[in-house]
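The values are calculated or read from the model by the stated rules, or taken from the named source; none is laboratory data. In this text the structure is predicted, and so the values were computed from the model without any measurement. Note that we place each Cβ from the backbone using ideal geometry, even for glycine, and neighbour counts take in every protein chain shown.
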Amino acid sequence: MDKRILTADELAALRQFIISRSARFAEPAILLEIMDHFACKTEEILQAEPGLSLDMAMKKAHHAFGVKGFAPLAEACEKAIFSRYRHWYRQELRNVWCSLHVLGFGLLGLLAAQLCLLAEKLAWLGEHGIYLILFVEFVYAICLYPILVKAGYGKKHRIFYNKALSISNGRLSWLRIGSMLIIITDSDRLAPWMVAATVGLLTFSLGLNLRILFQLLRKADRDADTTEAQLASLG
Amino acid sequence: MEPDKIIKGSLSAVILQLLNNNGRMYGYEITRAVREGSKGKTRITEAALYPALHKLEEAGLLETETEWVDGRLRKYYKLNRKGRKESLLQLDALQEAISSLQKILKYRLKNG
């Protein structure tokens, strides 16, 4: 007996069935991951019971996935993407530390620290002005992630951009805590050079993080293009 | 106790050994191999299989390649050199565990 192979129309129906279960499965990377497994299962059911309608075969195949349906598969797929981007982040971090960028960001940090000291000396920003700079950097570190996500970076293949942003954002946590502690500390307790050093370090770290984030977003662009091409071939 | 539960504890060893024996395999093929290999007595669900596959991939034991088959994209998993070594280690550990288990099940206290 010939192996039952689903036609293009039947595959389209399968695709609709998967998407109809949850909006989460409409994400192309997840859809492609589920599609083949679900199609194999449906084909096997149709092979065993040739009289069965496609709708019934799909329901039976979906039932065989267990009570959580496609969710564990989608979750595993998301975790795998996250791990891949985390690995790339570490790789990019090593690359940046071995490149001239680190020198550039170091100089930028020094410049920020010098400006801070100068501002303190000349009282440009008032008595607590330096804290204003720290506060701006803190707000930047807090807002970068939600703003980029809200801007809908990669509307169609959000999963790649969100994972890249989420990893980059996670690495800023210690910076947020550090700068927050300094902001809430009484200004009289800290020497101006300590605040300037913190501003310099923050500028340096945020610069490095931003550089790596852009590299990750470029990788996300490539992933999105590949997935888009695969999805287009699916019809 | 269902045999599935016992197999689940050694799922990574099972996957590695299947890939070692068959070269490259795709997800559905692995579930079918477990089902047919155990003559229908053991089944692994997708909920258990895919996280295990991704963990092995993350550990650097598997390589993946995608191919168009029957109008859809299929992801094949295969062992790399590190995976082949790990497969042998896990198989030894599994066989040792089975042999220990058999001894435990036959054990009787001398004065009992």
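What to note about this one:
- Residue tally, condition closer than 21 Å to B:Thr66 by Cα and among the charged types (D, E, K, R), over segment B:12-37: 3
- Given (1) within 13 Å of the chain's Cα centre (by Cα); (2) surrounded by 16 or more Cβ atoms within 10 Å (Cβ to Cβ), number of the condition B:Arg35 does not satisfy: (2)
- Whether a residue is under 25 Å from B:Glu58 (Cβ atoms), within 12 Å of another protein chain (Cβ to nearest Cβ) and small (Gly, Ala, Ser) was assessed, and A:Ala74 passes this test.
- Tabulated pairs, segment B:84-108, first of a type in the set (Asp, Glu), second part of a helix (DSSP H, G or I), C-beta under 8 angstrom, 6+ apart or interchain: B:Glu86/B:Leu16
- Failed item, numbered, when B:Lys106 is tested on (1) touching a strand residue (DSSP E or B) at 6+ places or on another chain (Cβ under 7 Å); (2) more than 9 Å from chain A (Cβ to nearest Cβ): (1)
- Screening A:Leu6 with (1) under 34 Å from the mean Cα position of the chain (by Cα); (2) within 9 Å of chain B (Cβ to nearest Cβ); (3) assigned to a loop (DSSP other than H, G, I, E, B) gives one miss only, at (1).
- Residues in segment B:2-40 that are in contact (Cβ under 8 Å) with a residue 12 or more places away in the chain and of a type in the set (Lys, Arg): 2 in all.
- Index of the failed condition, A:Arg15 passing every other in (1) over 24 Å from A:Glu228 (Cβ atoms); (2) surrounded by 14 or more Cβ atoms within 10 Å (Cβ to Cβ); (3) more than 8 Å from chain B (Cβ to nearest Cβ): (1)
- Total residues in segment B:50-87, condition touching a Gly at 6+ places or on another chain (Cβ under 9 Å), of a type in the set (Gly, Ala, Ser) and more than 7 Å from chain A (Cβ to nearest Cβ): 3
- Some residue of segment A:82-96 being more than 13 Å from every other protein chain (Cβ to nearest Cβ), in a helix (DSSP H, G or I), of a type in the set (A, V, I, L, M) and in contact (Cβ under 8 Å) with a residue 60 or more places away in the chain: yes
- Subset tally (residues that are closer than 21 Å to B:Ala52 by Cβ and either surrounded by fewer than 21 Cβ atoms within 10 Å (Cβ to Cβ) or modelled with pLDDT of 95 or more (or both)) for segment A:62-79: 11
- Looking across segment A:211-235 at every residue that is without any contact (Cβ under 8 Å) to a residue 12 or more places away in the chain and not acidic (Asp, Glu), the one that is nearest to the other protein chains (Cβ to nearest Cβ) is identified as A:Ser233.
- Entirely in segment B:5-90, the helices (runs of 4 or more DSSP H) that have 1 or more residues that are acidic (Asp, Glu): B:27-37, B:46-58
- Residue within segment A:61-69 that is in contact (Cβ under 8 Å) with a residue 60 or more places away in the chain and in a helix (DSSP H, G or I) present: no
- Scope segment B:18-51; condition touching a Ser or Thr at 6+ places or on another chain (Cβ under 6 Å) and farther than 18 Å from A:Lys41 by Cα; matching residues: B:Asn20
For every residue, the table says whether it meets (1) over 21 Å from A:Leu213 (Cα atoms); (2) at the interface with another protein chain (Cβ under 10 Å from one of its Cβ atoms); (3) within 25 Å of the chain's Cα centre (by Cα).
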residue	(1), (2), (3)
A:Asp2	yes, no, no
A:Glu27	yes, no, yes
A:Phe65	yes, yes, no
A:Ser99	no, no, yes
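- Lone unmet requirement of (1) within 12 Å of another protein chain (Cβ to nearest Cβ); (2) over 20 Å from B:Met25 (Cα atoms); (3) not β-branched (Val, Ile, Thr) for A:Lys59: (1)
- Test: residue in segment A:34-44 that is among the aliphatic types (A, V, I, L, M), within 14 Å of chain B (Cβ to nearest Cβ), within 28 Å of B:His54 (Cα to Cα) and in contact with a strand residue (DSSP E or B) (Cβ under 8 Å, 6 or more places away or on another chain): yes
- Candidates B:Leu89, B:Leu61, filtered to the one that is within 15 Å of the chain's Cα centre (by Cα) and crowded, with 18+ Cβ neighbours inside 10 Å: B:Leu61
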